[in-house]
Amino acid sequence: MDPIFLKPYDPKAHEDTIYKRWEESGFFNPDNLPPLKKRKKREPYSIVLPPPNVTGTLHMGHAAMLAIQDILIRFNRMRGKKTLWLPGVDHAAIATQSKVESDIYKKEKKTRHDLGREVFLKRVEEFAKESHDTIVNQIKKMGSSVDWSREAFTLDEVRTKAVYTAFKQMYEDGLIYRSARVCNWDPKGQTTVSDDETEREEREAMLYTFRYDKDFPIAISTTRPETKLGDTGVAVHPSDTRYAKYVGKTFDASFMGEKLSIKVVADKEVDMEFGTGAVGVTPAHSFTDWDIATRHDLPLKQVINEYAQMTAGNDSVKGKKVKVARNIIVEELRKAGLIEKEEKVMQSVLIAERTGGVIEPLPKLQWWIDTEKEFKLKHSRINGIKSGSTVTLKRLMKHVVEKGHISILPERFTKIYYHWIDNLRPWCISRQIWYGHRIPIWYHEPRCVPIPGREEEVSECEMTVLSETQPKCAHCNAIYIQDTDTLDTWFSSGLWTFSTLGWPEKTNDLKTYHPTDVLETGYDILFFWVARMILMSGYLLGDIPFRTVYLHGLVRDEKGRKMSKSLGNIIDPLDMIEKYGGDATRLSLIIGAAAGNDLRLSEEKIRGYKHFVNKLWNIARFILENYNEDALDARFNDTDQKFMDKEVQTAVERVTKNIESFRLDLAADEVYHFVWDKFAAVEIEFTKSALKNPGTKDWARKSAQRKLYDTLVVSLKLLHPFMPFVTETIWSYLPQKEKTLLMVEEWPA
RNA sequence: GGGCGCUUAGCUCAGUUGGUAGAGCAAUUCGUUUACACCGAAAAGGUCGGGGGUUCAAGUCCCUCAGCGCCCACCA
């Protein structure tokens, strides 16, 4: 026995060495896996790693994700699958840009505009590079058996090509279009954001009931009087008799120095019970009102700019921030005696989740994806949808889940998924930031000046061109200018399952590993990401991106609170690995964590599993201490033979079954108790007397030794997906004839 | 406003097709010439949130109430 076993297990002494040995073996890459003993062909099994954002470091949530996926991967690799786990990172456009912006501002008091697009982007790239290296190190520390040779980045060359190809196809199919409509404008981040990047916050607000001026026949209610400068209509319910006589008429009014022309319209969306039953319609600054205005053909009048300042009204409000303007207006209305009622109400305010800025709905020219437009799906491998059939993105997204081609675990999220699709509005994909994939559209402005005698050519000359590289006008030689916006980061993430495998090229990887088997991620990005992958894969490949979606919960602190810097309750995975080892950290994130349930984590829990790791170490020590080489040839005596067989068999069956059904928590718990309560507490204790007793016959001793050894081998295999480091370490000290790696050993059956 | 989840031992959670409750951690007592004190042994701890129903039998199925949490939503 190696003297190393005389001391308690020290993860730090082994983990990095073991990881290096795995890497050097090349077995993380499925192409290098050794042939199976029974000459069976390896079936592919693949997972793509949800790419962590290059915004900084990994947290416990990432650690949980890595642990879960590594268990699935190692389990399947041991079962003889051609197993690919493809890693990568996400450029995370807005998140990364705002992080770097604020860092630069703190240090140098400069904005991105001071630096300019090119210099600023260089700074972001430097930051992303650094972040990337940190993340890679952390992924390794967790023992993740990812194939580094296939590592991808959402912003690298291959992925950029994929983004361009996807954009082009959607643009040509008319699914991507440019249009001016009210969108979520974040005045703090100075960009639009999609509906999913906003959240609601309950706030107390004042609801004012007033008239634009004393001659206006109808009183309206609002919490935002300042937007009323942009009103072009008043809407009432069609069956509201109080206002029926006004419907269809237009009234002029003067409000805060602004001349208003208000048309009264009847719309069934209006709630007769609320306020006065009449709504001032502000098409430019409210989503609801935009819709009403569209239905009744009311004009659009913008009165607030990108900085949330008033652009209309008299000098007392013009140029003021909306909040300030609101107070001034209310004060004025009070003085004029126009306010009929003021009441406190609870209101949910839309917030940009990245910056915390209050969303200002503004009409802007943006790029959108239409999820309801019909198109022809050229090639389909989806059961129930024929190639060439007419579908919409929404229908495609729903179909694959409804028909069970994709199953979502836990199942309850399926309903949530449908609900999200049903309420999906056009997806705004353009962002007014610099970091990300620039929109591959070029504009020819001003338009060619007609050359006398050659006027016809000008009509051929396009103003808007889709191109990867800078085009030039064939007629006037003018250089086209590229759209300054970048794409929503989730556009490229949506392509992740196949862009990572080389799409749009028809690669072997794509053929072999797509659709992937499992998509494992947090339930908080079901809409952001999972749904978008289903959309993109369905549309571009006519296929599903994965067969199973496994959603894990959030990792919280021991009191159930979210881990956050401000609460100071963050448990850093690297600290825990340093103190208790990667194996203990992994176990603490698996046991007690069922799919979709949040997990409460405490340092104590991690320490508890460190004890288990050491227990296993000592089991190995005992067995190796009492072991002779020739025991391997021993014939079993009947008692030894039968003693543990049933227990081992049961453990193998249960662990296997539980991993297969994604109950990793139960599988880990099962093997934990098998090893501690059955193997250590019963078998070893029972065998001890035979080994220690000087009267024991030689063959009986050998038989006992052999049996213990065999049980240890099975235990190591069963434990390996959950605690790869210590099991591989012990494996390396076993007296094997050929030195092999446990990670590619065959799973017991 | 709509939808979903949770409520089981002090804490964190299991409990698969219904058959009078389990684990880890913590706490208690005892035990270190023993593979392991990062250990072992023992004992303790629950009217399974309340109420009602179905059933021979309910933590498990149904109804209802309460508390907590989450998601979605253009009532200004």
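The values are calculated or read from the model by the stated rules, or taken from the named source; none is laboratory data. Only a predicted model underlies this, so the values are computations on that prediction, with no experimental measurement involved. Methodologically, a virtual Cβ is constructed for each residue, glycine included, from the backbone with ideal geometry; neighbour enumeration extends over all protein chains shown.
Counting just the residues of the range A:209-220 that are assigned to a strand (DSSP E or B) and surrounded by 20 or more Cβ atoms within 10 Å (Cβ to Cβ), which one comes out nearest to the chain's Cα centre (by Cα)? Top of the filtered list is A:Ile220. Scanning the range A:267-280 for residues that are within 9 Å of RNA strand B (Cβ to nearest atom) and either surrounded by fewer than 16 Cβ atoms within 10 Å (Cβ to Cβ) or under 15 Å from A:Tyr208 (Cα atoms) (or both) turns up A:Glu269, A:Asp271, A:Glu273, A:Phe274, A:Gly275, A:Thr276, A:Gly277, A:Ala278, A:Val279, A:Gly280. A:Trp368 satisfies every condition listed in (1) away from RNA strand B (no atom under 16 Å from the Cβ); (2) assigned to a strand (DSSP E or B) except (1). Tallying residues that are more than 27 Å from A:Gly233 (Cα to Cα), more than 9 Å from RNA strand B (Cβ to nearest atom) and loosely packed, with under 13 Cβ neighbours inside 10 Å within the range A:193-208 yields 1.
On inspection, A:Arg431 qualifies as charged (D, E, K, R) and either crowded, with 16+ Cβ neighbours inside 10 Å or at pLDDT 90 or above (or both). Evaluate the following for A:Ile571: is it touching a helix residue (DSSP H, G or I) at 6+ places or on another chain (Cβ under 7 Å) and near RNA strand B (Cβ under 9 Å from one of its atoms)? The answer is no for A:Ile571. If you filter the range A:157-187 down to residues that are polar (S, T, N, Q) and not in a helix (DSSP H, G or I), you find that the one that is farthest from A:Lys378 (Cα to Cα) is A:Asn184.
Residue pairs whose Cβ atoms lie under 9 Å apart, sitting 6 or more positions apart in sequence or on different chains, and linking a residue in the range A:208-222 that is of a type in the set (Lys, Arg) to a partner that is within 14 Å of RNA strand B (Cβ to nearest atom), are A:Arg211/A:Ile218; A:Arg211/A:Ala219; A:Arg211/A:Ile220; A:Arg211/A:Glu340.
Go through the range A:81-120 and give me each residue that's in a strand (DSSP E or B) and of a type in the set (Val, Ile, Thr). A:Thr83, A:Val89, listed by residue number. Against the test of being closer than 17 Å to A:Phe153 by Cβ and within 16 Å of RNA strand B (Cβ to nearest atom), the options A:Trp490, A:Trp496 yield a single qualifying residue, A:Trp490. Pairs linking a residue in the range A:595-615 that is over 16 Å from A:Glu15 (Cβ atoms) and within 6 Å of RNA strand B (Cβ to nearest atom) to a residue that is among the acidic types (Asp, Glu) and not in a helix (DSSP H, G or I), with Cβ atoms under 9 Å and 6 or more positions apart or on different chains, are A:Arg600/A:Asp557; A:Arg600/A:Glu558; A:Glu604/A:Glu558. Specify the residue that is nearest to the chain's Cα centre (by Cα); the eligible residues are those in the range A:310-327 that are of a type outside the set (Gly, Ala, Ser) and under 12 Å from A:Leu229 (Cβ atoms). It comes out as A:Val322.
Candidates are the residues of the range A:415-439 that are among the aliphatic types (A, V, I, L, M) and either under 27 Å from A:Gln97 (Cα atoms) or in a loop (DSSP other than H, G, I, E, B) (or both); the one that is nearest to RNA strand B (Cβ to nearest atom) is A:Leu424.
Looking only at residues that are assigned to a strand (DSSP E or B) and touching a Ser or Thr at 6+ places or on another chain (Cβ under 7 Å) in the range A:281-313, which one is nearest to RNA strand B (Cβ to nearest atom)? Working first, answer last.
Keep residues of the range A:281-313 that are assigned to a strand (DSSP E or B), which gives A:281, A:304, A:309-310.
Adding the requirement that they be touching a Ser or Thr at 6+ places or on another chain (Cβ under 7 Å) leaves A:281, A:304.
Numbers: A:Val281: 9, A:Ile304: 14 Å.
This residue is A:Val281.
What's the total number of residues in the range A:2-44 that are on the phi > 0 side of the Ramachandran plot and either touching a residue at least 24 places away in the same chain (Cβ under 8 Å) or not basic (Lys, Arg) (or both)?
Filtering the range A:2-44 down to residues on the phi > 0 side of the Ramachandran plot leaves A:26, A:39.
Now narrow it down to the ones that are either touching a residue at least 24 places away in the same chain (Cβ under 8 Å) or not basic (Lys, Arg) (or both): A:26.
Of the residues in that region, 1 qualify.
Among what's in the range A:667-691 and is in contact (Cβ under 8 Å) with a residue 60 or more places away in the chain and within 10 Å of RNA strand B (Cβ to nearest atom), pick the residue that is farthest from A:Leu719 (Cα to Cα). The qualifying residue farthest from A:Leu719 (Cα to Cα) is A:Leu691.
Among the residues making up the range A:337-358, a single one is part of a loop (DSSP other than H, G, I, E, B) and either in contact with a Cys (Cβ under 9 Å, 6 or more places away or on another chain) or basic (Lys, Arg) (or both): A:Arg354.
Of everything listed in (1) farther than 30 Å from A:Pro426 by Cα; (2) more than 9 Å from RNA strand B (Cβ to nearest atom); (3) part of a helix (DSSP H, G or I); (4) of a type in the set (D, E, K, R), the single unmet condition for A:Lys565 is (3).
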